[in-house]
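Heads up: the structure comes next, in C-alpha cells.
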Amino acid sequence: MKLEDYYELRQDRVLVSRQQASNFAKQVANDFNPIHDVDSKRFCVPGDLLFSLVLNHYGLSQHMRFLFSGMVNDTIPLIFPRSDDDELTIKGENGKEYLHLERRGETTRQPEVIEKLVRIYVAFSGRAFPHILVPLMEENEVMINPERPLIIYESMEIHLRKLDLRTPSLELDGTSLDVRGKRGKVALTFTLNDGEERVGHGVKNMVLSGLRPFDSERMQEVVADYHRRMQQGA
C-alpha cells in the first residue's frame, strides 16, 4: 500500500480528492459506505484514512487517542502542525478543527510497522458494517435510517506494550450500543496480538443517527444493497 496514492501535498497542506478518498475506502478499508462515493452529496473523507495519515506523519506511539470533530470534504486542505507535543489539533485552512490527537509513550516511525498496523486496523474497521453493527442493532431493537444511513466515526484509542511488531493481528473483544433517543453510541473493543503474544488493546467509537425500531425486512434490504455495491465495486 502506497499511502501517497491517497492524498496530495500542496505547500505543507494535505488535500484528499474525492477519488482518492473513495479508492482508499473501497480498495484498502473495504468500506462501501455511500458517503465515500465520488458523487455523494454528503461526501466525506474516511476517518480511517485520516488515522493512517496521522500515523504516517507523526509515527506510531504506544498510547494514542484520536477524537474526530468534523467531516472532511475534498475542498478542505488540512494543516498538520510541526510539533512533537503530546497533544495536537489538526485543522483545515478554514480554521475549523477536524481531529485532535493525544499521544504518550515511545514512538516508532518504521514504515513497515506503521503499514502493518494500518492494514489490520482498517480491515477490522471495514468489517463493522454489516457484520458487527447489524447484529448489535438487532439485539438493541433499533436500526439506522434505511433511506439515509449515517454512521459517524467519533473516536479511537490504541494502547501497545511494545512497538516492534512483526506479525500483528487484531481481534474483536466486545461490543456495546448505548441508545439515547434517535442517536446511539457504539463501542467496539479489540485486542492486538503479535503472533501468539497479546501486545495491546483499543476501542473504536461511532455514532449512529436517525435511529428507529428495528425492521428485519428493511434491514435486510440495506445489507443486500451494501453487498451489491461491494460486488460492483461502487
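Lys26 - would you say it is among the charged types (D, E, K, R), out of contact with any strand residue (DSSP E or B) (no Cβ under 7 Å at 6 or more places or on another chain) and outside any loop (DSSP other than H, G, I, E, B)?
Numbers: among the charged types (D, E, K, R): yes; out of contact with any strand residue (DSSP E or B) (no Cβ under 7 Å at 6 or more places or on another chain): yes; outside any loop (DSSP other than H, G, I, E, B): yes.
Yes; evaluated as a whole, the condition is true for this residue.
So which of Leu49, Leu60, Leu55 is within 20 Å of Gly202 (Cβ to Cβ), surrounded by 13 or more Cβ atoms within 10 Å (Cβ to Cβ), among the aliphatic types (A, V, I, L, M) and touching a strand residue (DSSP E or B) at 6+ places or on another chain (Cβ under 6 Å)?
Details: Leu49 fails: touching a strand residue (DSSP E or B) at 6+ places or on another chain (Cβ under 6 Å); Leu55 fails: touching a strand residue (DSSP E or B) at 6+ places or on another chain (Cβ under 6 Å).
Answer to the check: Leu60.
Are any of the residues in segment 85-97 assigned to a helix (DSSP H, G or I) and either under 30 Å from Ile144 (Cα atoms) or free of Cβ contacts under 8 Å to residues at least 24 places away in the same chain (or both)?
So in segment 85-97, the residues assigned to a helix (DSSP H, G or I) come out as none.
Checking segment 85-97: not a single residue is assigned to a helix (DSSP H, G or I) and either under 30 Å from Ile144 (Cα atoms) or free of Cβ contacts under 8 Å to residues at least 24 places away in the same chain (or both).
So if I check each of Arg148, Arg104, which one is of a type outside the set (A, V, I, L, M) and either in contact with a Gly (Cβ under 7 Å, 6 or more places away or on another chain) or modelled with pLDDT under 95 (or both)? Show your work before the answer.
Values: Arg104 fails: either in contact with a Gly (Cβ under 7 Å, 6 or more places away or on another chain) or modelled with pLDDT under 95 (or both).
Going through Arg148, Arg104 in turn, just one is of a type outside the set (A, V, I, L, M) and either in contact with a Gly (Cβ under 7 Å, 6 or more places away or on another chain) or modelled with pLDDT under 95 (or both): Arg148.
Quick one: in segment 44-72, of everything that is within 15 Å of the chain's Cα centre (by Cα) and assigned to a loop (DSSP other than H, G, I, E, B), which residue is modelled with the lowest pLDDT?
In this case the residue turns out to be Gly70.
Scan segment 32-55 for residues that are in contact (Cβ under 8 Å) with a residue 60 or more places away in the chain and of a type in the set (S, T, N, Q) and jot them down.
Of everything in segment 32-55, those that are in contact (Cβ under 8 Å) with a residue 60 or more places away in the chain and of a type in the set (S, T, N, Q) turn out to be Asn33, Ser52.
From the set of residues in segment 1-31 that are of a type in the set (Asp, Glu) and touching a residue at least 40 places away in the same chain (Cβ under 8 Å), which is surrounded by the fewest Cβ atoms within 10 Å (Cβ to Cβ)? Lay out the reasoning, then the answer.
Looking only at segment 1-31, we keep the residues that are of a type in the set (Asp, Glu), and these are 4-5, 8, 12, 31.
Restricting the remaining residues to those that are touching a residue at least 40 places away in the same chain (Cβ under 8 Å) gives 12, 31.
Values: Asp12: 9, Asp31: 24.
Looking at the filtered set, the residue picked out is Asp12.
Conditions first: (1) surrounded by fewer than 16 Cβ atoms within 10 Å (Cβ to Cβ); (2) in contact with a helix residue (DSSP H, G or I) (Cβ under 8 Å, 6 or more places away or on another chain). Tyr153 passes all but one, so which condition is the exception?
It is condition (1) that Tyr153 fails.
Provide a single number: the residues in segment 9-32 that are more than 12 Å from Val45 (Cβ to Cβ), of a type in the set (D, E, K, R) and touching a helix residue (DSSP H, G or I) at 6+ places or on another chain (Cβ under 9 Å). Spell out how you get there, then give the answer.
Taking segment 9-32 and keeping what is more than 12 Å from Val45 (Cβ to Cβ), we get 9-13, 26-28, 30, 32.
Add one more test, that the residue is of a type in the set (D, E, K, R), and what stays is 10, 12-13, 26.
Filter once more, keeping what is touching a helix residue (DSSP H, G or I) at 6+ places or on another chain (Cβ under 9 Å): 26.
Of the residues in that region, 1 qualify.
Quick one: is Phe129 farther than 23 Å from Thr189 by Cα, aromatic (Phe, Trp, Tyr) and buried (at least 19 other Cβ atoms within 10 Å of the Cβ)?
Working: farther than 23 Å from Thr189 by Cα: no; aromatic (Phe, Trp, Tyr): yes; buried (at least 19 other Cβ atoms within 10 Å of the Cβ): yes.
For Phe129, the condition - farther than 23 Å from Thr189 by Cα, aromatic (Phe, Trp, Tyr) and buried (at least 19 other Cβ atoms within 10 Å of the Cβ) - is not met.
Among Ser169, Ser216, which is the only one that is out of contact with any His (no Cβ under 8 Å at 6 or more places or on another chain), small (Gly, Ala, Ser) and closer than 15 Å to Phe124 by Cα?
Details: Ser216 fails: closer than 15 Å to Phe124 by Cα.
Testing whether each residue is out of contact with any His (no Cβ under 8 Å at 6 or more places or on another chain), small (Gly, Ala, Ser) and closer than 15 Å to Phe124 by Cα leaves just Ser169.
The values are calculated or read from the model by the stated rules, or taken from the named source; none is laboratory data. Only a predicted model underlies this, so the values are computations on that prediction, with no experimental measurement involved. FYI the Cβ positions are ideal-geometry reconstructions off the backbone, even for glycines, and counts take in every protein chain you see.
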